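Heads up, the thing below is written out as structure tokens.
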Amino acid sequence: MVDAELENTWNLLEKQIESGDYSGNRVYRRLDIEKESGLRLSVKSPGTARELLIQIDENDDFSFSPPEWVGMKFDIAILDVPEKRTSHISLFLEAREHERIFATVCSDIAETLSLIENPSFRTQELQSCLDRWNSFFKKIGPDGLSPERQRGLYGELAWLELLLNNDLYMAAAVESWKGCDRGYHDFEIARRVVEVKTTMTKEPRRVRINNERQLDDRGLESLHLYVLTLQKFESGGETLPDLVEKIRERLKDNVSAIAQFEKSLKKAGYLDIHAHNYTSGYVRKKQETFQINDKFPRIIELPDGVGGLSYSITISACTNFRFDIDSAVTDFSHGVIK
């Protein structure tokens with residue numbers, strides 16, 4: 001379900017409201033005209049609030065605990081479709097300034113649920129979808145990525161671009177991206193790991209290590225630290241959306257790779273509706289990789305009861321561990337199926 005399709009239907013329903021050609025407190029239309037899918041788009045009156053209606057199967061003992069999201073709300077609506085007194089979950093737009101993110105959420109829910117053949121599975125998939133968006137809003141918020149998260153995502157995509165430029169099997173390279181899942185490591189495949197960090201040009205350059213597991217190589221085939229030094233410009237340079245589009249272009253003919261990439265982008269908090277906010281441009285001043293071993297400056301052992309550690313490492317203290325970047329890509333690629 002494309003956002004534009006939802007927008008066109010809501011526009012038609014709004015015109016129907018304006019014409020007064022309706023009864024009750026809403027007008028609605030089945031999302032799939034060809035079949036009963038249990039999904040409807042609606043506009044409520046008064047106020048012309050846009051709405052997504054999701055039918056609840058009468059045999060489902062689904063206990064709905066609505067999440068609280070900025071600019072949109074949930075409710076239970078009783079409609080006489082497809083049968084009398086049928087319960088529906090209503091997700092409606094409360095604040096017009098959040099219309100774009102609302103449409104994106106509705107599009108994702110609709111696309112997810114439209115694939116469900118058995119109505120009894122609908123609420124389970126809906127809950128999974130809501131949990132995913134709940135996590136997104138808690139971590140990211142309705143306005144998109146913070147400047148720090150933008151830069152971090154740019155760094156991860158820069159390493160992914162290196163993998164793709166090394167002519168790796170695309171789907172496996174994209175699948176190796178784990179940072180989007182907020183795991184311990186940014187890239188991992190076959191016990192080969194790359195941790196990605198970005199830093200700015202100001203000396204002394206430092207990178208932030210977020211927990212004691214990030215540089216722990218025990219049980220791994222290899223662990224490398226990829227450090228991307230950036231210079232930021234408000235005008236000029238390569239923006240985060242520029243890099244996203246470049247990778248999309250590279251993957252466009254590989255169905256599984258582009259599908260996985262789009263899924264991972266969403267998990268990382270990147271939505272196209274926020275792209276116009278990401279105007280900062282970056283110039284890659286330096287790319288370095290370091291091999292992590294027993295002598296590398298790190299903290300991997302903590303006393304019992306101590307956790308949640310974060311600390312910084314000065315790049316100048318890591319020169320003895322510098323590793324050729326092409327060799328690091330090659331080492332990692334040994335775990336990727338060609």
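The values are calculated or read from the model by the stated rules, or taken from the named source; none is laboratory data. Since this is a predicted model, take the numbers as computed values, not measurements. Here the Cβ is made from the backbone with ideal geometry for all residues, glycine too, and neighbour counts use every protein chain on show. Note: accessible area is taken over every heavy atom of the protein model, side chains too, but ligands, DNA and RNA are not part of it. Shrake-Rupley method; radii C 1.70, N 1.55, O 1.52, S 1.80 Å.
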> Considering only residues of the stretch 42-56 that are assigned to a strand (DSSP E or B) and of a type in the set (Gly, Ala, Ser), which is surrounded by the fewest Cβ atoms within 10 Å (Cβ to Cβ)?
Replying inline: Ala49
> Of all residues in the stretch 57-80, which are open to solvent by less than 30 Å² (accessible area, probe 1.4 Å) and assigned to a loop (DSSP other than H, G, I, E, B)?
Replying inline: Pro67, Gly71
> Would you pick out the residues in the stretch 245-289 that are under 30 Å from Thr319 (Cβ atoms) and touching a residue at least 60 places away in the same chain (Cβ under 8 Å)?
Replying inline: Ser280, Tyr282, Arg284, Lys285, Gln287, Glu288, Thr289
> Considering Leu6, Leu39, Leu12, which residue is more than 27 Å from the chain's Cα centre (by Cα) and either surrounded by 12 or more Cβ atoms within 10 Å (Cβ to Cβ) or at pLDDT below 95 (or both)?
Replying inline: Leu12
> Which of (1) more than 21 Å from Leu271 (Cβ to Cβ); (2) open to solvent by 90 Å² or more (accessible area, probe 1.4 Å); (3) touching a strand residue (DSSP E or B) at 6+ places or on another chain (Cβ under 9 Å); (4) not aromatic (Phe, Trp, Tyr) does Glu83 not meet, given it meets every other one?
Replying inline: (3)
>> Checking Leu168 against (1) part of a loop (DSSP other than H, G, I, E, B); (2) at pLDDT 90 or above, only one condition comes out false. Which one?
In response: (2)
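Does Tyr28 satisfy the criteria of being part of a strand (DSSP E or B), within 22 Å of Glu94 (Cβ to Cβ), open to solvent by 30 Å² or more (accessible area, probe 1.4 Å) and not β-branched (Val, Ile, Thr)?
yes
Taking only the stretch 145-175 into account, find how many residues are within 13 Å of Leu265 (Cα to Cα) and polar (S, T, N, Q). Please lay out each step first, then the result.
Keep residues of the stretch 145-175 that are within 13 Å of Leu265 (Cα to Cα), which gives 145, 149-150, 152-154, 156-157, 160, 174-175.
Remaining after also requiring polar (S, T, N, Q): 150.
Residues in the stretch 145-175 being within 13 Å of Leu265 (Cα to Cα) and polar (S, T, N, Q): 1 in total.
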> Mind checking which pairs have a first residue in the stretch 87-110 that is without any contact (Cβ under 8 Å) to a residue 60 or more places away in the chain and among the basic types (Lys, Arg) and a second that is open to solvent by less than 30 Å² (accessible area, probe 1.4 Å) and part of a helix (DSSP H, G or I), Cβ under 6 Å, 6 or more apart or different chains?
Replying inline: none
